[in-house]
Amino acid sequence: RQLDSSIGKLTPEEIAREIKTQQPWAKILEVTKIKNYTHVIKVTFSEISITQKFLQNGLLMFNTKITPSQIELEKYTYIQICYKCYKFEDHATYQCTSTTPSCSECASHQHTHQQCNSPTKKCLNCNQQHRTLAATCPYRKQVIHQKNENKKNKRRRK
């Protein structure tokens, strides 16, 4: 967060190489550039202990100290997805009773995503113009938000 924009203009490979050079003990799984942002990158490490070390001490890259306050731990919320009908938080794929194919790319019920050649994307859950599994899907965000709220409420009742 709040990186110098010159760092954000580099490729994910260049950023990963620099982090590994400055912190050889850091095992990086992936560096992702956040679309349309040159000052934000996402780095996925192989172990939470590596992430925690950076959260405590910051990191050095390109002769710039990235302070702990500039590093944010992404909160991941698992949601159950049926990869046959693409319902969220309803049932597992092996429990699906649907006999109709569903395409997570274009929302067709004539084929699956493997056979899809439609240039148009459409979500099966919210009918907007994106893939069903897109992280930006408002329905997906709503499901995650509701699940997190339910967790908070359970903790408060204890």
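With a 1.4 Å probe and every protein chain kept in, tell me what percent of the accessible surface of the chain is carbon plus sulfur.
Working: 5330 of 10940 Å².
Looking at the chain in its full context, I get 49 percent from C and S.
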For residue 152, the lysines lying under 22 Å Cα to Cα, once residues fewer than eight places off in the same chain are dropped, come out as 75, 141
For residue 97, the accessible surface traced by a 1.4 Å probe with all protein chains present amounts, in square angstrom to the nearest 10, to 130
Under a 1.4 Å probe, counting only protein heavy atoms, residue 39 has an accessible area in Å², nearest 10, of 70
Phi angles of region 73-83, converted by Karplus (6.51 cos²θ - 1.76 cosθ + 1.60, θ = phi - 60°) into ³J(HN,Hα) in whole Hz with x for Gly and Pro, give 7, 6, 8, 9, 10, 6, 10, 6, 10, 7, 8
Taking a straight Cα-to-Cα line shorter than 18 Å from residue 27, and setting aside same-chain lysines fewer than 8 residues away, one finds 42, 53
Expressed in Å to one decimal, the Kirkwood Rh of the chain from all distinct alpha-carbon pairs is 18.6
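Evaluate the relative contact order of the chain (contact order divided by residue number), counting alpha-carbon pairs under 8 angstrom at least 6 apart; express in whole percent.
Numbers: 225 pairs, mean separation 19.6, N = 158.
It comes to 12 percent, rounded to a whole number.
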With every protein chain in place, the accessible area of residue 65 for a 1.4 Å probe, in Å² rounded to the nearest 10, comes to 110
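Counting only heavy atoms of the protein chains, get the accessible area per residue of the chain (1.4 Å probe) and round it to a whole Å² value. Please list the in-between numbers first.
Working: 10940 Å² over 158 residues.
Computed with neighbouring chains in place, this is 69 Å² per residue.
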Longest the chain segment clear of GluC sites (Glu not before Pro) sitting in DSSP loops (not H, G, I, E or B) with at most 16 other Cβ atoms within 10 Å runs 90-158
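The values are calculated or read from the model by the stated rules, or taken from the named source; none is laboratory data. Every value quoted in this text rests on a predicted model; they were computed, and no experiment measured them. Positions of Cβ are backbone-derived with ideal geometry, glycine not excepted, and every protein chain shown enters the neighbour counts. The protein model used for the area step is the full one, side chains on, heavy atoms only, and it has no ligands, DNA or RNA in it. Shrake-Rupley method; radii C 1.70, N 1.55, O 1.52, S 1.80 Å.
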